[in-house]
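Single-structure report; data block below.
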Amino acid sequence: MTQNKLYKSLIIKIKTTAILSLISHSVFSQIFSEEQNPLSVKWRQINASGFKVIYPTEMEKEAQRIANTLPYIYPYVGGSLGVKKTSIPVLLQNQGVTANGFVQLGPKKSEFYTTPPQQFDSQDWLNNLAVHELRHVAQFDKLTGGKAKPFPELIYFGWFGVSLPIWFFEGDAVTTETALTKAGRGRQPSWIMPYRTSLLEGKNMSYSKASFGSNKDITPGYYQLGYLMSSIIRTEEGKDIFDEVLTDIRKRPVRLYPFSNSLKKFSNKGSHKWFEQTTTTLKKNWTAQASATPSRNYNSLTKPANYATNYFLPVKLSDNSILTLKQSKAEVPHLTLIDSNRKETHLLDIGYQEQPWFSYANGLIVWDEVRYDPRYRQRSYNVICSYNLETKKVKKLSSKSKLFAPSLSADGKKIIVVKFDLSNRCNLVELNAQNGDVLFTYPNPQNLILQTPSFDASGNTVAYIAVSEKGKTLNITNRTGQTEELIAPTQQQISRPIFINQQIAFNAHYSGLDNIYNIDIKTKKISALSEAKYGAFNASFPKGSNTLLFNNFKQTGYDITETPINPEEPGKNNFVYFGAAAEKQEHTGNVFSKIPDSTYISKPYRTFGDMINIHSISPVIEDEYRGGLQFDSDNLLNTLNAFAGAEYYRDLNRFEYNAGIVLKSFYPVISATYRNRPRRTFYNSNQGVMQGDWRENNIQVQAMIPISLNTLGDTYSFSLRTATSYTKRYMGENMPLNYITTLNFPMEYGFSFVHSMRQADRDIAPKWAQTFSLTYLHQPFDKKLDGHLFALGTSFYFPGLLKNHSFMASFNYQNASGVRRFDNEISGVYGYNNIRAISLLRNTLLLNYRFPFAFPDAELGPLAYIRNVRGGLFCHYENLGVDTNIGEPKTYGFELRSSMNLLRYQPVIDLGTRFVFVNKIYNQNPILELILNYSF
C-alpha cells in the first residue's frame, strides 16, 4: 500500500466510525468540519462554568459576552430534557464568511462561525447560535449522561445517527430557539413557505421526500419538517414528551427504529403517523389562513418550469429584457437575460454565495461570492465582482475581503457594501465601482449587524437594515452622519430596502405572509405593494414606468412577475404560529433579556500543548480476517489526528500493533504511521510450496501540500506529495535463507491537478473538468530491490447530448520494472479484477457516458426512498497497441444506479449494478458487479 493510500485509509477509518455528522443551520450547507486555520491566528480561552470558550484574540469582547451567555441560558435550553449542566469546548471561528454552527462528538465540541448572514433572524446572530447549538448539546447530554466513559465518543456519535432521525435533532432545536426568544425561524413565514405552498397547491409528498429532499421538486427539508412535527407533538403531548422518549432510548439503545418506537410508546403514534397528523394539521390551518388572507394571482414572465427553478432579483433593462440570477435543479447559478418572448440568454456562471445576490445599474452588474484560502479552508473571503454588459469583461474588485450585499448607485459609479472585520465589527462602506477602492466608511458606534444597503437616486443617502437583540430596524443615513430610524425595532423579517422616489420598498410579513411593502420617508406610513398568495420578494422599479417587478413564489420556486404600483393598507396578520404551545410550556420569555455582564479572566490557548485529545476507543474492522480496537485522538483545532491500536489477524492467529498521526498545522500535511505486524508468504522450494511467517516493524511517512483555488464557477486543485517508508523484518519462520530483512526507504512522488466546474443537483459530473496526475516510485537507497514505476493518469469530462448528461474520456499509462513490475497505479477497465491478465498492465483508455433518466422520489415504506435512477454506457481499452486495438475494447457494457436513503436514515446510498462484457480473446463470461457507495 502506498503512503497516500494509507493516509486516505486512516481518514476514512476515522470518518466512518461516526454514522452521522450533525449540523445546525440548514440555510447553509455545512458538514462536520475537518478544516484548519492558518498558524497566524492567535488563540485565547475563557473557562466559564463548564464551558471553555476558545477564540482568536480579535474576538475578546464577543468571547466575554458568550462566556456570560452560555452558562446562564443552558438550564433553560436543556430544561425540557431534564438537563441543567454541561461541559463542552466552544470555538469561535472568525476567519471565514460562512454563517453557521454545529455540535459534534469525537471530539466533543461546538463551533460558532461568527460572521452574521445578510438575511436571517431578527435577533443577535451569536445569541441565535447559542440557543440553537446548546439544544444540540442538551440532546447529546441526555443520551450520553453528559460524559462518555471510557472514551466512546465516536460510538455515541454513531449511535445518535442510527437512533434519532435528523428531523428531530434540528426540528427540536428550532422549536427551542423559537420558544425561548422573541425571534426564531418558527416565526418566519418565508422559512416554511415552500412546504405551505406545496400543500396548498395539492402537492402531497411522502415522509421521506419531505425530510430528505428531491432532485426535481422543492421540499421543506428536515429543519422545517422537524420544527413543524416537533411543535405539533409538543402541542398534543406536552413539554416532557421528548425527555421521556430520549430517556427510553438511553435505557433500551439496541432496537430497530428506536425513536419511532419510543415515541409510539408514549404517544401511541410513531414517526410516520405523526407525519401524517402533522400534514393534516398543516393543511387545515394553512387553508384557513389562505381563506382569511386576501391574495392576487400574478402573470408569470418566464417559461413554465418542469422542475424546481428560481429566478432571483429581477431587474428590467432599457430594452425591456429582464436580468436575473437563475438557478435550478438542473443548472448552476448564473446570470441570464430574458427577452419579451421569454427566451433566455446565458451570461455568466457565478461562484458560491451566502445568499442569492446581485445589483445592476448603467450597464454594470456587481455581486459577491465566496473565495477560499488555497490551503487553510477555515479561512474564506467574500469578494466583490463586476461584469460589464457591453464589454463582457469580469473584474474582481476586492481581495481577501469580508464584504457583502453590494448595491450600485444609479450612475453605476459607486457601490455600497456591508463590511465585517475579524473582531466582528460591522460598517457600511462605499467603494469605487471601477477599481474597488474605499471611498467612505459610515460609522456604526453601536456595532449593530447591518444588512442589504442600497443608494437613493442621487447616491447620497443609503437605506439599510440594522439588527440587534431588540429586533430589526429600517434606517437611512448619509455621509454627514445624519441617521434616521424609519421603522423601530420589530420582529418583522424586513429586508432588502429599495428607494422609489421619497419612499422605500422592502420585504416584510405584516399580513402573516411575505410581501412587498413601502414606507413614506416623511410620514412613516407603511403600505402594501403586493398581495402574493405564498410570498413576494425582491422588488425593482423599471425607469419611466409605474410598475413593480418582483419575485412571486410558486410551487416550482421564485418566479418573475410585474404589477402596477397601487399602495394599499397592510392586511391583518394571519400568520399561523405552530410554536405557541412550546413557548407557553417553556415560559421563559426572551432568555437573553437578563444576561450577566461579568468579566472573565482569559489566558492564551496552547495550540501545540493541547494537541493530544483522546476521545474514543473504537472498533476497527478491516475485513473478515482482521479486526481490533483503536484509540482515537483529535485536537479541537483539527490540526492533529492520531490513533493507536491493536488488531487481531484471525488467519494468522497473531496481533498487529499500530499508531499514526496526521499533522495539519503547517502548509504541508505530514502523516506518519508505525506498524508492528505479522506477515505470511508462500514460496516454491525443493520441498514444494512452503509457508513462511515473520513479523516486521514498518514506518511510513508522507508530506503533502494540497492547494485549492476557486473563482466564479471554477475550482482548481493542486497536490504535491512525497512519501517513504522503512521496514525491518524479524522472527522469520520457515523463510528461505536469502529472504530480505530490510526495505530501505523506497521513495514515492506525486503530483495532481484537477479543474472542475460547479455542478447542479441533477448533474452526473461537471460539464467541463480535467484531471491530471503523475506518480513515480523507485528504490534509490536499496539496490537489492531495484525497480521503478512511472504512472500518468488523465480524465476529461464533457457535456453529454442532453442536459445533465456526462461523457468522460480517461487515458492512463504506466511503466514498471523490477520489484515494481506487478504494481498497478492506474485505473483499470471495469471487471479488471475478475479477468485473467495475458500481459502486464501498461495503459488504459476508458470511455464512459452517464445520464439520469428518472427522478421517482419513491418511498418504499420504511425500507428505502429512491431519489433518482441513472444509466451508463462504457467502452474500455487496455494495453492499446499491445493486446488490443481501438476497435477491440477489452470490456464494454452498461450500468444502472440509483441514489437512495435506506431505512429512513440520512446517508445517501448509491446502489447499482454493472454488466461487463469481455473481449472474446479472454474466454471470459459476462461479469456482474455490485456498486455500493455512500455519502452524507
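Here TYR534 fulfils each of the conditions (1) more than 30 Å from LYS216 (Cα to Cα); (2) not in a strand (DSSP E or B) apart from (1). Of the strands (runs of 3 or more DSSP E) contained entirely in region 794-861, those carrying at least 3 residues that are surrounded by 19 or more Cβ atoms within 10 Å (Cβ to Cβ) fall at 806-816, 843-854.
Would you mind finding the one in SER773, SER756 that is touching an Asp or Glu at 6+ places or on another chain (Cβ under 8 Å), of a type in the set (Ser, Thr, Tyr) and at pLDDT 95 or above?
Among SER773, SER756, only SER756 is touching an Asp or Glu at 6+ places or on another chain (Cβ under 8 Å), of a type in the set (Ser, Thr, Tyr) and at pLDDT 95 or above.
From the list PHE718, PHE751, the lone residue that is touching a Pro at 6+ places or on another chain (Cβ under 9 Å), at pLDDT 95 or above and not assigned by TED's automatic domain parsing to the domain that holds SER380 is PHE718. Taking the listed residues ARG680, ARG675, the one that is surrounded by fewer than 17 Cβ atoms within 10 Å (Cβ to Cβ) and part of a strand (DSSP E or B) is ARG680, with no other qualifying.
Quick check: anything in region 851-862 in contact with a Leu (Cβ under 8 Å, 6 or more places away or on another chain) and modelled with pLDDT of 95 or more? Yes: one or more hits.
Checked against the criteria, THR561 counts as touching a residue at least 12 places away in the same chain (Cβ under 8 Å), farther than 20 Å from LYS182 by Cα and crowded, with 20+ Cβ neighbours inside 10 Å.
Listed here are the residues, each with its yes/no results for (1) surrounded by 20 or more Cβ atoms within 10 Å (Cβ to Cβ); (2) touching a Lys or Arg at 6+ places or on another chain (Cβ under 7 Å); (3) of a type in the set (Gly, Ala, Ser).
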site	(1), (2), (3)
ASN268	no, no, no
LYS273	no, no, no
SER291	no, no, yes
LYS303	no, yes, no
LEU313	yes, no, no
LEU325	yes, no, no
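In this entry, SER458 is excluded by the filter for residues that are under 20 Å from ILE494 (Cα atoms) and either assigned by TED's automatic domain parsing to the domain that holds VAL366 or of a type outside the set (Val, Ile, Thr) (or both). Among the residues of region 289-312, the ones that are more than 31 Å from the chain's Cα centre (by Cα) and either assigned to a strand (DSSP E or B) or touching a residue at least 12 places away in the same chain (Cβ under 8 Å) (or both) come to 12 in all. Across region 633-652, the number of residues qualifying as under 24 Å from VAL669 (Cα atoms) and out of contact with any Leu (no Cβ under 6 Å at 6 or more places or on another chain) comes to 11. Mind checking which residues of region 325-352 are farther than 20 Å from PHE404 by Cβ and of a type in the set (Val, Ile, Thr)? Passing the criteria: VAL332, THR336, ILE338, THR345. Considering the conditions (1) outside any strand (DSSP E or B); (2) surrounded by fewer than 16 Cβ atoms within 10 Å (Cβ to Cβ), SER665 is excluded by exactly one of them, (2).
I'd like to check something: does region 114-132 contain any residue that is under 23 Å from ILE617 (Cα atoms) and either in the same structural domain as LYS182 (by TED's automatic domain parsing) or surrounded by 24 or more Cβ atoms within 10 Å (Cβ to Cβ) (or both)? No: region 114-132 contains no residue that is under 23 Å from ILE617 (Cα atoms) and either in the same structural domain as LYS182 (by TED's automatic domain parsing) or surrounded by 24 or more Cβ atoms within 10 Å (Cβ to Cβ) (or both).
Restricting region 138-156 to residues that are more than 22 Å from LEU263 (Cβ to Cβ) and among the hydrophobic types (A, V, I, L, M, F, W, C), which is surrounded by the fewest Cβ atoms within 10 Å (Cβ to Cβ)? Here the residue is PHE151. Checking the stated criteria, THR599 turns out to be under 30 Å from GLY79 (Cβ atoms), of a type outside the set (A, V, I, L, M, F, W, C) and surrounded by fewer than 15 Cβ atoms within 10 Å (Cβ to Cβ). Across region 594-618, the qualifying residues are those that are modelled with pLDDT under 95 and among the polar types (S, T, N, Q), and the one among them that is farthest from LYS52 (Cα to Cα) is SER618. Of all residues in region 843-857, none satisfies being in contact with a helix residue (DSSP H, G or I) (Cβ under 9 Å, 6 or more places away or on another chain), more than 30 Å from ARG758 (Cα to Cα) and in the same structural domain as PHE915 (by TED's automatic domain parsing).
When the residues of region 707-730 are filtered to those that are farther than 30 Å from PHE781 by Cβ and hydrophobic (A, V, I, L, M, F, W, C), the one that is surrounded by the fewest Cβ atoms within 10 Å (Cβ to Cβ) is LEU709. When restricted to residues that are in a strand (DSSP E or B) and either among the aromatic types (Phe, Trp, Tyr) or at positive phi (or both), region 313-333 contains 1.
Residues of region 405-431 that are assigned to a strand (DSSP E or B), farther than 19 Å from THR115 by Cβ and among the basic types (Lys, Arg): LYS414 alone.
LYS216 meets each of the listed conditions (1) farther than 26 Å from TYR257 by Cα; (2) of a type in the set (D, E, K, R); (3) in a helix (DSSP H, G or I); (4) within 23 Å of the chain's Cα centre (by Cα) apart from (3).
For region 530-546: of the residues being among the polar types (S, T, N, Q) and modelled with pLDDT under 95, which is surrounded by the most Cβ atoms within 10 Å (Cβ to Cβ)? The qualifying residue surrounded by the most Cβ atoms within 10 Å (Cβ to Cβ) is SER545.
Scanning region 365-384 for residues that are part of a strand (DSSP E or B) and of a type outside the set (Lys, Arg) returns ILE365, VAL366, TRP367, ASP368, GLU369, VAL370, TYR372, SER380, TYR381, ASN382, VAL383, ILE384. Candidates SER527, SER616: the one that is of a type in the set (Gly, Ala, Ser), within 30 Å of PRO150 (Cβ to Cβ) and surrounded by 14 or more Cβ atoms within 10 Å (Cβ to Cβ) is SER616. Give the residues of region 808-830 that are of a type outside the set (Val, Ile, Thr) and touching a Lys or Arg at 6+ places or on another chain (Cβ under 8 Å), sorted by residue number. If the condition is that a residue be of a type outside the set (Val, Ile, Thr) and touching a Lys or Arg at 6+ places or on another chain (Cβ under 8 Å), then MET808, TYR813, GLN814, ASN815, TYR830 are the ones that fit. Looking only at residues of region 404-429 that are surrounded by 22 or more Cβ atoms within 10 Å (Cβ to Cβ) and of a type in the set (A, V, I, L, M), we find that the one that is nearest to PHE358 (Cα to Cα) is ALA405.
Are there strands (runs of 3 or more DSSP E) fully within region 550-630 with at least 2 residues that are over 31 Å from the mean Cα position of the chain (by Cα) and over 30 Å from SER530 (Cβ atoms)? List them. Walk me through how you get there before you give the answer.
Working: elements: 557-564, 602-604, 614-623.
It comes to 602-604.
Of the residues making up region 725-746, at least one is closer than 20 Å to ALA642 by Cβ, in contact with a helix residue (DSSP H, G or I) (Cβ under 9 Å, 6 or more places away or on another chain) and in contact (Cβ under 8 Å) with a residue 24 or more places away in the chain.
The values are calculated or read from the model by the stated rules, or taken from the named source; none is laboratory data. Fair warning: this is a prediction, and the values are worked out from it, not measured in the lab. Don't worry about glycine lacking a Cβ; one is built from the backbone with ideal geometry, like all the others, and counts go over all protein chains shown.
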